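The values are calculated or read from the model by the stated rules, or taken from the named source; none is laboratory data. All of these numbers come straight from a predicted model, not from anything done at the bench. For neighbour counting, all protein chains shown are included, and Cβ atoms are generated from backbone atoms with ideal geometry for every residue, glycine included.
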Amino acid sequence: MATNEAMKPVNLVIFGRQGSGKGTQCAMITTELGSIHISTGDMLRAAVEQGTEFGLQAKAIMDRGELVSDEVISGIVAERLAQSDVTQNGFLLDGYPRTLTQAESFVGILNDLGLTLDLALNLDVPIDEVTTRMLSRGRADDTEEAIARRLDLYEKETAPLFEFFLDQGVFEVIDGLGSESEVFDRLNTVISAVISGKSQ
């Protein structure tokens, strides 16, 4: 991935079913680009620990055993994306947006911060393959029924976002089958094309 000092930060969102190898690819992309990997879980925990406005709201909700609302999650994302490490280095968002409501909020957040989304990537690995991968990990909570439920929820909630980002002209599907380096090479090719466009 060609980078230079004058290059503008690259802002990415990555999607992928559980078991698609997304975490591994995120680590490789951020090492290569120097951008900040932001996963929803990490961001939520950090906001709670730091006692930010939305972090405190999220803590109160979680303490009641409830799910954190789209509005609070989007607030936490807005707080995180405004931080200097992100504005200087760009971001790789993982796990947000998860719903259409969040996606619409996300566009507003970017506009407010004067940021643009360069690419929404979908690391596509077929359901039967990710199911096999997750079953082979041998985790207690990875039963066939539990995996099927999680994947079904992903299809219902997250798949509609693909159309949303496609309409914005920033959506790319990447074949997630193959070795880690083969998949990374495909991601790298697509991201590099965006980088060369930005630096011209």
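Here are a few things to note about the model shown:
Residues checked against (1) surrounded by 12 or more Cβ atoms within 10 Å (Cβ to Cβ); (2) free of Cβ contacts under 8 Å to residues at least 24 places away in the same chain; (3) out of contact with any strand residue (DSSP E or B) (no Cβ under 7 Å at 6 or more places or on another chain):
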position: Gly138; (1), (2), (3): no, yes, yes
position: Ala148; (1), (2), (3): yes, yes, yes
position: Tyr154; (1), (2), (3): yes, no, yes
position: Phe164; (1), (2), (3): yes, no, yes
position: Gly178; (1), (2), (3): yes, yes, yes
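- All of Ile109, Ile73, Ile36 fail the test of being of a type in the set (A, V, I, L, M, F, W, C) and within 26 Å of Glu180 (Cβ to Cβ), apart from Ile36.
- Candidate set: region 166-175, residues that are among the aliphatic types (A, V, I, L, M) and touching a strand residue (DSSP E or B) at 6+ places or on another chain (Cβ under 7 Å); chosen: the one farthest from Gln25 (Cα to Cα): Val170
- Enumeration of residues in region 41-70 that are surrounded by fewer than 16 Cβ atoms within 10 Å (Cβ to Cβ) and among the polar types (S, T, N, Q): Gln50, Ser69
- Out of Leu121, Leu113, Leu135, sole residue that is of a type in the set (A, V, I, L, M) and within 14 Å of the chain's Cα centre (by Cα): Leu121
- Among residues of region 34-70 being in contact with a Phe, Trp or Tyr (Cβ under 7 Å, 6 or more places away or on another chain) and within 15 Å of Asp94 (Cα to Cα), the one that is modelled with the lowest pLDDT is Thr40.
- Hits in region 58-107 (condition: farther than 30 Å from Glu163 by Cβ and part of a helix (DSSP H, G or I)): Lys59, Ala60, Met62, Asp63, Ser84, Asp85, Gln88
- Unmet criterion (only one of (1) surrounded by 13 or more Cβ atoms within 10 Å (Cβ to Cβ); (2) in contact (Cβ under 8 Å) with a residue 24 or more places away in the chain) for Gln168: (1)
- Among residues of region 29-40 that are part of a strand (DSSP E or B), those with a Cβ under 7 angstrom from a residue that is among the charged types (D, E, K, R) and surrounded by 17 or more Cβ atoms within 10 Å (Cβ to Cβ), sequence gap 6+ or separate chain, pair up as His37/Asp94; Ile38/Arg80; Ile38/Asp94; Ser39/Asp94.
- Residue match in region 115-125 (condition: part of a helix (DSSP H, G or I) and either out of contact with any Asp or Glu (no Cβ under 6 Å at 6 or more places or on another chain) or at pLDDT below 95 (or both)): no
- Restricting region 71-99 to residues that are touching a residue at least 40 places away in the same chain (Cβ under 8 Å) and among the β-branched types (Val, Ile, Thr), the residue that is surrounded by the most Cβ atoms within 10 Å (Cβ to Cβ) is Val86.
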